[in-house]
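**Q** First the structure, then my questions, so here it is.
Each value in this text was obtained by applying a stated rule to the coordinates, not by laboratory testing. Bear in mind the structure is a predicted one, so any value in this text is a computation, not a measurement. Reconstructed Cβ throughout: ideal geometry from the backbone, glycine too, with neighbour counts over all protein chains shown.
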Amino acid sequence: CDQQPVDDKLNKTLGRIKHKIVVMSGKGGVGKSTVAANIAVALSLAGKKVGLLDVDVHGPSIPRLLSLKGQTPHMGVDVMEPVPWSKNLSVMSLGFLLEDDRQAVIWRGPVKMGLIKQFVEDVMWGDLDYLIVDCPPGTGDEPLSTLQTLGPTAMAVVVTTPQGVAIDDVRRSLSFVGEVGNRVLGLVENMSGFACPDCGAVHNIFNSGGGEDLAKEAGVRFLGRIPMDPAVARSGDEGFPFVKVSEDSATGQAMKAIIDPM
Ligand code: ADP
């Protein structure tokens, strides 16, 4: 029998990926998928070979954000080819495999954990500079399984909004990453102030700076803040990643700056 032991296969796949970055958040709706998609696109535009893996089993939104809805990965005997977005960026998402993206995914923990592992080892990622993983929110089975599958060299980027409630969730995420044995690459504060489409200034409607204070308190790097900008929501809805279509705007620059320490 020439079947390889499963972990051997996983290690081989991971061995060809230089940097593994898991984008996490304490809760949903803070812009985690938006940040993951834009980080992946920004790195690919900077000439890096990038894979983007969407393991958000309850709301896979990467296909929509990158205008890849309705695409299906090419299937081999026991491998899948990721869907190309560009020469440098390939994408895999559960959304590609669901017949209807409104279909509710009700799977028990072990099935979800198996799926995450399969998405890493059975996908022909090839040689990558970066694998960016859009992880479900919170500190449950899926983020745990994602970090465990990718191993201790995977680093977390935690996305938060500046409000206090979100910050409390982030504290939990940071300690979760440490407990699993991984490191935090840094914290992103999204929806930090409102970028006025008329005057271009950023108005702080809610508190801002909560993410930066928390990063200092927790001893992790602050990767930057992205304002709430109606153009970001629009570009997400239309499937054009913001860092590509508006890279020269102040918000686009803020997004691009997040990849500097990567
Ligand atoms: P999550 O992955 O955390 O659930 P999403 O990335 O899906 O969050 O974002 C939730 C909603 O907020 C989407 O409609 C998205 O377009 C919007 N959004 C995210 N970041 C911003 C931003 N900086 N400015 C405006 N809208 C944003």
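**Q** Rounded, prolate or oblate, given the Cα gyration tensor of segment 183-262, with a/c below 1.5 counting as rounded? Provide the component values of the computation, followed by the final result.
**A** Details: a/c = 2.35, a/b = 1.41, b/c = 1.66.
Here segment 183-262 falls in the oblate category.
**Q** Provide the percentage of antiparallel DSSP beta bridges, counting only those with both residues in the chain; round to the nearest 5.
**A** On the way: 5 of 38 bridges.
Expressed as a percentage, antiparallel bridges in the chain total about 15.
**Q** Still on this model: List the aspartates and glutamates whose Cα sits under 14 Å from the Cα of Lys20, skipping any in the same chain fewer than 8 residues away.
**A** Asp54, Glu121, Asp127, Asp129, Asp134
**Q** With the cut-off at 1.5 for a/c, could you classify segment 121-162 from its C-alpha gyration tensor as rounded, prolate or oblate? All intermediate terms of the calculation are to be shown ahead of the outcome.
**A** Details: a/c = 2.17, a/b = 1.56, b/c = 1.39.
Prolate.
**Q** A further question on this structure: If the cut-off is a Cα-Cα distance under 21 Å, which lysines reach Lys69, setting aside same-chain residues fewer than 8 apart in sequence?
**A** Lys32, Lys87, Lys244
**Q** What length, rounded to one decimal in nm, is gained on full extension from Asp168 through to Asp8, with 0.36 nm per residue of separation minus their alpha-carbon distance? The partial results should precede the final answer.
**A** Numbers: separation 160, 0.36 × 160 = 57.60 nm, distance 3.85 nm.
Full extension of this stretch gives 53.7 nm more.
**Q** While we're looking at this one, here's another question. Projected onto the charge dipole of segment 115-262 (+1 at Lys/Arg Cβ, -1 at Asp/Glu Cβ, origin at the Cα centre), which of Trp125, Val243, Pro162 gives the Cα projection farthest towards the positive end?
**A** My answer, from the dipole projection, is Pro162.
**Q** Note the angle between two axes, namely the Cα long axis of helix 6-15 and the longest principal axis of the Cα atoms of the chain, as a number of degrees from 0 to 90, rounded to the nearest 10.
**A** Around 50 degrees separate the two axes.
**Q** Relative to the Cα centre, what is the charge dipole magnitude of the chain, using +1 at the beta carbon of each Lys and Arg, -1 at the beta carbon of each Asp and Glu, and rounding to the nearest 20 debye?
**A** On the way: 25 positive and 31 negative charges, 68 e Å.
In debye, rounded to 20, the chain gives about 320.
**Q** Multiply the residue separation of Arg16 and Glu81 by 0.36 nm, subtract the distance between their alpha-carbon atoms, and state the gained length in nm to one decimal. Display every interim value, and only then the final one.
**A** Details: separation 65, 0.36 × 65 = 23.40 nm, distance 1.55 nm.
Extra length from Arg16 to Glu81 when fully extended: 21.8 nm.
**Q** List the lysines whose Cα lies under 24 Å from the Cα of Lys27, skipping any in the same chain that are fewer than 8 positions away.
**A** By straight Cα distance, Lys27 reaches Lys112, Lys117, Lys216, Lys256.
**Q** Any chance you could get the radius of gyration and Dmax over the Cα atoms of segment 6-257, in Å?
**A** 17.3, 56
**Q** Also: Would you work out which of Leu144, Asn182, Leu115 lies farthest towards the positive end of the dipole of the chain? Charges go on Cβ: Lys and Arg +1, Asp and Glu -1.
**A** Asn182
**Q** Go through 71-77, 89-95 and give me the packing order, highest mean Cβ count within 10 Å leading. Intermediate results must be reported in sequence, preceding the final value.
**A** Values: 71-77: 11.3, 89-95: 25.3.
In decreasing order of mean packing, 71-77, 89-95 become 89-95, 71-77.
**Q** In whole Hz, with x marking every Gly and Pro, tabulate ³J(HN,Hα) for segment 240-249 from phi via Karplus 6.51 cos²θ - 1.76 cosθ + 1.60, θ = phi - 60°.
**A** For segment 240-249, the Karplus-derived couplings read 10, x, 4, 5, 8, 7, 10, 5, 8, 6 Hz, x marking Gly and Pro.
**Q** Still on this structure, I have one more. Can you give me the distance in nm between label points at Arg221 and Ala201, each placed 7 Å from the Cα along the Cα-to-Cβ direction?
**A** Output for this residue pair reads 3.3 nm.
**Q** While we're here: Ranked highest first by the average count of other Cβ atoms within 10 Å around their residues, in what order do 29-35, 241-247, 231-237 fall? Show your work: numbers first, answer last.
**A** Values: 29-35: 22.4, 241-247: 20.7, 231-237: 16.9.
So the peptides 29-35, 241-247, 231-237, ranked by packing, come out 29-35, 241-247, 231-237.
**Q** Under 19 Å from a point 7 Å along the Cα-to-Cβ line of Phe240: which residues of segment 164-207 have their amide N that close?
**A** Counting backbone N atoms under 19 Å from the label point, the list is 197-198.
**Q** Where in segment 138-158 does the amide nitrogen come within less than 13 Å of the point 7 Å from the Cα of Arg183, taken along Cα to Cβ?
**A** Those under the cut-off are 152-157.
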